[in-house]
Amino acid sequence: MLISLYMDPRTNPYAPGAGTIPPQLAGRSEIIEKAAIALDRCKSGLASRGLLLVGLRGVGKTVLLTKISQETEARDFVVVSIETPENRSLPALLIPALRTAILKLDKIAIAGDMGKRALRVLGGFVSAMKVKYHDIEFGIDLGSESGSADSGNLDEDLVALLMEIGRVAKAKKTALVLFVDEIQYIKEEQFAALIMALHKCTQNQLPVMLIGAGLPQLVGQAGRAKSYAERLFEYPQIGPLTKNSAHDALFAPAARLGVTFAEKAFEDIFRQTKGYPYFLQEWGKHSWQCAKKSPIDEADVKAATDLAISDLDASFFRVRFDRLTPGEKKYLRAMAELDAEPRRSGDIAELLEKEVQSVAPVRASLITKGMIYSPSHGENGFTVPLFDDYIKRIMPSLD
Ligand SMILES: Nc1ncnc2c1ncn2[C@@H]1O[C@H](COP(=O)(O)OP(=O)(O)O)[C@@H](O)[C@H]1O
Ligand SMILES: [Mg+2]
């Protein structure tokens, strides 16, 4: 019996937003378990591969990474989390995170002074990298350990540094786990250095593992950076939720508050959102707001749809769109005109009445900015689901 006659906006459980923890993390238990197995194997010195979660925007990579990192930390691993904004160097991001990691390792009261030494090695790394990367804002003097990780060559120094920390982790019977979000923004040669350092740790059975997430272009970037990357990582595809999981994502949070959805209302939400987590949260939130009582019905969802779309237009879609040049916007608009995947570069150029080569720089910059990716040579996809509809809404005509 459903007794809830009034749906309190204060208790609306749905949580649309980049990186916002959902009220129910639906459909991801398999991958969470996979990560736990890989991590335990790594800690025990057994062969295991890091994970790079790959998927479009809004599928829930960040919240999954957060969930896995929280569980990992609770199981006595040493965890560092890094988000890579565009245009920051990898050393600038790694240095403070690795310092925290070493301090955590140092607190584990076995194996003597190894942590102190690792801090000095990091100190040498900081000084060497500051010469080359001018965005390093790290003022703490950690000393140095002459000849370790201080050559100024990122490849060599990162290998030395991660191996040093790996040795400490091994002696302390734990593992160092790097969680890195938005990996596609790491510059290729810096990513190559990181992959190589992880590779050396693996070869030497040192417990250091990367669990990362990024847009689909990440797979190609890793392969180009180091050909052996494919043996070092698994690339689980994170996609829209299945119907069952989408059902769980919507119904479970409501049920805790005595609210449910009419099945037809759910069908409608699933059809419109295609199971994409971000959209499910948005539709859930607005359906709740529009409903007067439980069960939330089709009319509520209908009213919610316009609100959900206009919220998405004002935030999820727009944040990225605003940063584009007019030429880039035009390219995306032409791409949206082709409604079937894969969208071929040649067809896009034709719509723009240009040569493929002359629009190639625009395409390249859209890939760098994380707006589109290339599923295979000469093909293009949007990194944001339903972006084609959005762009047609705001740019109704091609010119
Ligand atoms: N498994 C899930 N079940 C329900 N909602 C989810 C799930 N994963 C993510 N979400 C919701 O989707 C939105 C986007 O999640 P986020 O992790 O930022 O995606 P991404 O990092 O892939 O762009 C957030 O509002 C989050 O609460
Ligand atoms: Mg994210």
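The values are calculated or read from the model by the stated rules, or taken from the named source; none is laboratory data. Source: prediction; values computed, not measured. Neighbour counts are summed over all protein chains in view; Cβ atoms, including those assigned to glycine, are modelled from backbone coordinates with ideal geometry. Areas reflect the complete protein model, heavy atoms only, side chains present, ligands, DNA and RNA absent. Shrake-Rupley method; radii C 1.70, N 1.55, O 1.52, S 1.80 Å.
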Share antiparallel - DSSP beta bridges, the chain, percent rounded to 5: 15
Total charge dipole magnitude, segment 43-101, about the Cα centre, Cβ charges on Lys, Arg, Asp, Glu only, Debye to nearest 20: 120
FRET efficiency estimate (nearest 0.05) - Cβ-Cβ, Arg318 to Leu338, R0 22 angstrom: 0.45
Rounded, prolate or oblate (a/c below 1.5 giving rounded, otherwise prolate when a/b exceeds b/c) for segment 132-189 by Cα gyration tensor: oblate
Cα gyration tensor shape for the chain, rounded if a/c is under 1.5, else prolate or oblate: oblate
Cross-link pairs Lys43/Lys107; Lys107/Lys226; Lys34/Lys274; Lys132/Lys200; Lys132/Lys330; Lys67/Lys274 - those with Cα-Cα distance over 29 Å: Lys107/Lys226; Lys132/Lys330
Efficiency of FRET between Glu86 and Asp40 - r from beta-carbon atoms, R0 25 angstrom, step 0.05: 0.15
Cα lying deepest toward the dipole's positive end in the chain, options Val63, Leu198, His286, charges on Cβ: Leu198
Per residue value of the accessible surface for the chain (all protein chains in place, 1.4 Å probe), Å²: 45
Crossing angle, helix 188-203 versus the chain [Cα axis fit, 0-90 degrees, rounded to tens]: 60
Of Ile95, Ile238, Ile211, the one that fluctuates the most in a GNM where the chain has Cα springs shorter than 10 Å: Ile95
Segment 125-233 - percent of accessible surface contributed by carbon and sulfur, probe 1.4 Å: 47
Heavy-atom accessible surface of segment 245-399: percent carbon and sulfur, 1.4 Å: 54
Gap separating the Cα centres of segment 178-209 and segment 271-342, nearest whole Å: 35
Rounded to the nearest 20 debye, dipole of segment 345-399 from Cβ charges on Lys, Arg, Asp, Glu: 280
In order through segment 374-385: 3J(HN,Hα) via Karplus (6.51 cos²θ - 1.76 cosθ + 1.60), integer Hz, x for Gly, Pro: 10, x, 7, 3, x, 10, 9, x, 6, 7, 10, x
Within the chain, helix-based [θ] at 222 nm, where runs of 4 or more DSSP H residues each add -39,500 (n - 2.57), nearest 500: -16500 deg cm²/dmol
Residues with amide H under 5 Å from that of Glu379, placed H, sequence gap 5 or more: Ser345
